[in-house]
1. What number of residues in segment 49-66 are in contact with a Phe, Trp or Tyr (Cβ under 6 Å, 6 or more places away or on another chain) and over 27 Å from residue 24 (Cβ atoms)?
2. Within segment 51-65, take every residue that is over 17 Å from residue 8 (Cα atoms) and among the acidic types (Asp, Glu) and give me the one that is most open to solvent (accessible area, probe 1.4 Å).
3. Would you point out which residue out of 106, 78, 68 is open to solvent by less than 50 Å² (accessible area, probe 1.4 Å) and either in contact (Cβ under 8 Å) with a residue 40 or more places away in the chain or not in a helix (DSSP H, G or I) (or both)?
4. What residue, among those in segment 91-103 that are of a type in the set (S, T, N, Q) and crowded, with 16+ Cβ neighbours inside 10 Å, is nearest to residue 23 (Cα to Cα)?
5. Among residues belonging to segment 1-48 that are under 19 Å from residue 76 (Cβ atoms) and open to solvent by 60 Å² or more (accessible area, probe 1.4 Å), point out the one that is farthest from the chain's Cα centre (by Cα).
6. Could you look through segment 81-90, keep only residues that are of a type outside the set (D, E, K, R) and without any contact (Cβ under 8 Å) to a residue 12 or more places away in the chain, and pick out the one that is most open to solvent (accessible area, probe 1.4 Å)?
Amino acid sequence: MLAKVRGFPAWPGIVMDDANVPSAVLKERPIVKHRDLYTIRFFPAADYHWAFSKDLELLNKDKIDSFLAGANRKKGDLRQAYEIARDPQAWNEEQNTIVRNYEQSLQDAAE
């Protein structure tokens, strides 16, 4: 998924289910009526943002390959984000584990 955030280029990320989003992030979600709002976890830093469907675009293999083949795409976080977007499953599972461990530590500390 490519998500557009004002002031930044469209950036690769993944739409997240609330169960895999830190509770502190969920508390910051804007309250919006009558519109679809999606929680996005961006590659590679696992930053979160909320985006409306109009700001989202499907990212397919051809778009990823085209970006990575560009002459000015040799390094940097955006390139790394596109590389992760090729096969995000392992990266996303690692991030989900980090979130679960963090949430468990919060629960343990509260007890």
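1. Number satisfying all stated conditions: 1.
2. 62
3. Numbers: 106 fails: open to solvent by less than 50 Å² (accessible area, probe 1.4 Å); 68 fails: either in contact (Cβ under 8 Å) with a residue 40 or more places away in the chain or not in a helix (DSSP H, G or I) (or both).
Among 106, 78, 68, only 78 is open to solvent by less than 50 Å² (accessible area, probe 1.4 Å) and either in contact (Cβ under 8 Å) with a residue 40 or more places away in the chain or not in a helix (DSSP H, G or I) (or both).
4. The residue in question is 96.
5. Top of the filtered list is 7.
6. First, the residues of segment 81-90 that are of a type outside the set (D, E, K, R): 81-82, 84-85, 88-90.
Checking which are without any contact (Cβ under 8 Å) to a residue 12 or more places away in the chain leaves us with 89-90.
On the way: 89: 135, 90: 75 Å².
Per the stated criteria, the residue is 89.
The values are calculated or read from the model by the stated rules, or taken from the named source; none is laboratory data. None of the values given here were measured: they were computed from a predicted structure. With ideal geometry, Cβ positions are generated from the backbone for all residues, glycine too; neighbour counts draw on all protein chains shown. Quick note on the areas: whole protein, heavy atoms, side chains included, nothing else; ligands and nucleic acids left out. Shrake-Rupley method; radii C 1.70, N 1.55, O 1.52, S 1.80 Å.
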